Amino acid sequence: MLDVLFINPASRTQVYQSLGKRLAAIENPVWAGLLAEFARRHGLSVDILDAEAHGYTAAEVADEVAAHKARLVVVVVYGHQPSASTQIMPAARQTCAAIKEVAPEQPVLLVGGHVAALPARTLAEEPCDYVASGEGFWTIVELAAALRDSCHPDLHHVRGLWYQADGKIHSTPAAPLVDQLDDQLPGIASDLLPMVRYRAHNWHCFGGHERQPYAAIYTTLGCPYRCSFCCIQAPFKEGERAAGWKANTNSYRFWSPEHVVRQIDSLVIEHGVRNIKLADEMFVLNRRHVGAICDLIVERGYDLNIWAYARVDTVHDGLLDKLAAAGFRWLAFGIESASEHVRDGVDKRFDQEQIFTTLEKVRAAGIHVIGNYIFGLPDDDQASMEATLGLAQELNCEFANFYTTMAYPGSPLYEQALATGQQLPESWSGYSQHAIDALPLATRHLTTDEVLAFRDAAFTRYFDDPRYLDMIARTFGPATVDEIRLMNAHRLARRRPAETIGA
């Protein structure tokens, strides 16, 4: 009998509307792969069902679950960025409900960033049996072992577990973080995933590159920063304390460069992957770590198309040439706002001039730039949002993402919003930037509708800008301009008076 079946719910259509059909990436579920490999290394038999990659409905997933007859089903509610966890919750709920309809006795555990942020609420509201309050690694191993040993297991010894008994909600002591990554968390169980089904984002392959095959991996876990709009720390907080780390220590942990590049070796040699995302919340940070990874890739002579995240204040001199030589074709920067005052309000501090200097150096090294911007930060008004769009157009990055400020569960902004009575989405789908019921935070000066309308219009204005399209034609060719025009022709339905506004 299979010990654990991991499920990655299908959420792309809900999250991205029509953009998910062709333009959005289909990403291998890194967290499901990490959790499965960890469980396998601890003697459990495991499998992964990637409903997203296969396009399975919740009912089809339930039929697969009934056929597998696993002792434990784990529905994984992690995304490739911290905020993606909450927007997966509607698909997770549908999946759990379908499983319980077909196999009501099947034990189901929910794990992920959103779940760790709101364990009691998740257990009370969702059709599941158990909830993990931390990363999930030790909780899954200990719960699966307990279920294997007894039909009526003693759950007190399963760390990081929330469950109901005698009409009450119970929780156990937190599980510690996995801190020896090379030894304890050796990689992703890619052999259990349909690797041929994954595809890169459209912009990742501008210039005519094939979007498949594609894969994402981590080189680090956690993040050393605590931006108030970000919820990345939610699954790590309890584990930090359980591991005996000092208060306010960050959750940032490294795989060794040698281990990282062995994972890349496996992707290239076994699966033919050339398009790679380093999904770390902040990859370009530790100079020694990044430089060593680049050197090892260069030694192998791979022809790769890699993208990763950086900050304008973490790109050190001497790294850019290494990154370019290793195959880094894109770096994504969280610029957020044109206003230093607005950025300071969410603990994102760097000098304005540094933005221009850093991006100029990156592009001079032959690396393309993705600029990420947020509208509706707490101190934003109409003028500051216009200034942010103006900055985006002045920087004229090869791609741009425009977000609205969401109070994601697990973020300081969420706690602030609850404390001050701000309006929050009625359903978890409302935390998705592209969803029909998306509901960002209001600012001190603007309503939610004004923020969302500005974001949607800004997207269209940026990608319709003749200066931008001319740059794209020179950099990638006219076919990429056609691709961008096709992307910009999509319209997102929004549940408000202006029902359809630019994507």
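Taking the residues in region 297-323 that are in a helix (DSSP H, G or I) and more than 16 Å from I217 (Cα to Cα) as candidates, determine which candidate is most open to solvent (accessible area, probe 1.4 Å). Among those residues, the one meeting the criterion is E299.
Could you grab me the full set of residues in region 28-45 that are open to solvent by 20 Å² or more (accessible area, probe 1.4 Å) and either closer than 17 Å to T139 by Cβ or at pLDDT below 95 (or both)? First the steps, then the outcome.
Of the residues in region 28-45, the ones open to solvent by 20 Å² or more (accessible area, probe 1.4 Å) are 40-43, 45.
The answer is R40, R41, H42, G43.
Among the residues of region 7-16, are any more than 23 Å from L177 (Cβ to Cβ), of a type in the set (S, T, N, Q), modelled with pLDDT of 90 or more and surrounded by fewer than 19 Cβ atoms within 10 Å (Cβ to Cβ)?
We begin by selecting, within region 7-16, every residue more than 23 Å from L177 (Cβ to Cβ); these are 7, 9-16.
If we keep only those that are of a type in the set (S, T, N, Q) as well, we get 11, 13-14.
Now drop any that are not modelled with pLDDT of 90 or more, which leaves none.
No; the residues of region 7-16 include none that is more than 23 Å from L177 (Cβ to Cβ), of a type in the set (S, T, N, Q), modelled with pLDDT of 90 or more and surrounded by fewer than 19 Cβ atoms within 10 Å (Cβ to Cβ).
This table checks each residue for (1) more than 27 Å from L319 (Cβ to Cβ); (2) crowded, with 16+ Cβ neighbours inside 10 Å.
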residue: A365; (1), (2): no, yes
residue: V369; (1), (2): no, yes
residue: F375; (1), (2): yes, yes
residue: D379; (1), (2): yes, yes
residue: A387; (1), (2): yes, yes
residue: C397; (1), (2): no, yes
residue: G410; (1), (2): yes, yes
residue: R444; (1), (2): yes, no
residue: D449; (1), (2): yes, no
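Would you pick out the residues in region 91-106 that are open to solvent by 30 Å² or more (accessible area, probe 1.4 Å) and assigned to a loop (DSSP other than H, G, I, E, B)? Lay out the reasoning, then the answer.
Narrowing region 91-106 to residues open to solvent by 30 Å² or more (accessible area, probe 1.4 Å): 93-94, 97, 100-102, 104-105.
P104, E105, listed by residue number.
Highlighted here are the helices (runs of 4 or more DSSP H) found entirely within region 389-503 that include at least 1 residues which are modelled with pLDDT of 95 or more and aromatic (F, W, Y): 448-464, 466-476. For region 125-134, filtered to residues that are acidic (D, E) and part of a loop (DSSP other than H, G, I, E, B), the residue that is nearest to A103 (Cα to Cα) is D129.
Of all residues in region 46-90, those satisfying the criterion of being crowded, with 19+ Cβ neighbours inside 10 Å, of a type in the set (G, A, S) and outside any loop (DSSP other than H, G, I, E, B) are A51, A53, A58, A62, A84, S85. All conditions but one from (1) out of contact with any helix residue (DSSP H, G or I) (no Cβ under 8 Å at 6 or more places or on another chain); (2) of a type in the set (G, A, S); (3) under 30 Å from R253 (Cα atoms); (4) open to solvent by 20 Å² or more (accessible area, probe 1.4 Å) apply to S150; the one that does not is (3). I269 satisfies every condition listed in (1) of a type in the set (A, V, I, L, M); (2) open to solvent by 10 Å² or more (accessible area, probe 1.4 Å); (3) touching a residue at least 12 places away in the same chain (Cβ under 8 Å) except (3).
Each residue in region 385-442 was checked for being touching a Cys at 6+ places or on another chain (Cβ under 6 Å) and of a type in the set (S, T, N, Q), and 1 of them qualify. Per the listing F254, F229, the residue uniquely modelled with pLDDT of 90 or more, touching a Ser or Thr at 6+ places or on another chain (Cβ under 7 Å) and open to solvent by 30 Å² or more (accessible area, probe 1.4 Å) is F254.
Being of a type in the set (S, T, N, Q), over 26 Å from the mean Cα position of the chain (by Cα) and open to solvent by 70 Å² or more (accessible area, probe 1.4 Å) is the requirement here; does T420 meet it? Don't jump to the end; show me each part of the working.
Numbers: of a type in the set (S, T, N, Q): yes; over 26 Å from the mean Cα position of the chain (by Cα): yes; open to solvent by 70 Å² or more (accessible area, probe 1.4 Å): yes.
The answer is yes for T420.
Only one of the listed residues (A174, A216) is under 27 Å from V46 (Cα atoms), of a type in the set (G, A, S) and open to solvent by 20 Å² or more (accessible area, probe 1.4 Å). That residue is A174. Is it the case, given these coordinates, that R494 is touching a Leu at 6+ places or on another chain (Cβ under 7 Å), of a type in the set (D, E, K, R) and open to solvent by less than 20 Å² (accessible area, probe 1.4 Å)? Taking the combined requirement at face value, the residue satisfies it.
The criterion of being without any contact (Cβ under 8 Å) to a residue 24 or more places away in the chain and among the basic types (K, R) does not hold for R93.
The values are calculated or read from the model by the stated rules, or taken from the named source; none is laboratory data. Keep in mind that this is a model prediction, so the values were computed, not measured. In this analysis, Cβ positions are derived from the backbone assuming ideal geometry, glycine residues included, and neighbour counts consider all displayed protein chains. Remember, those area values only see protein heavy atoms, side chains included, never the ligands or the DNA or RNA. Shrake-Rupley method; radii C 1.70, N 1.55, O 1.52, S 1.80 Å.
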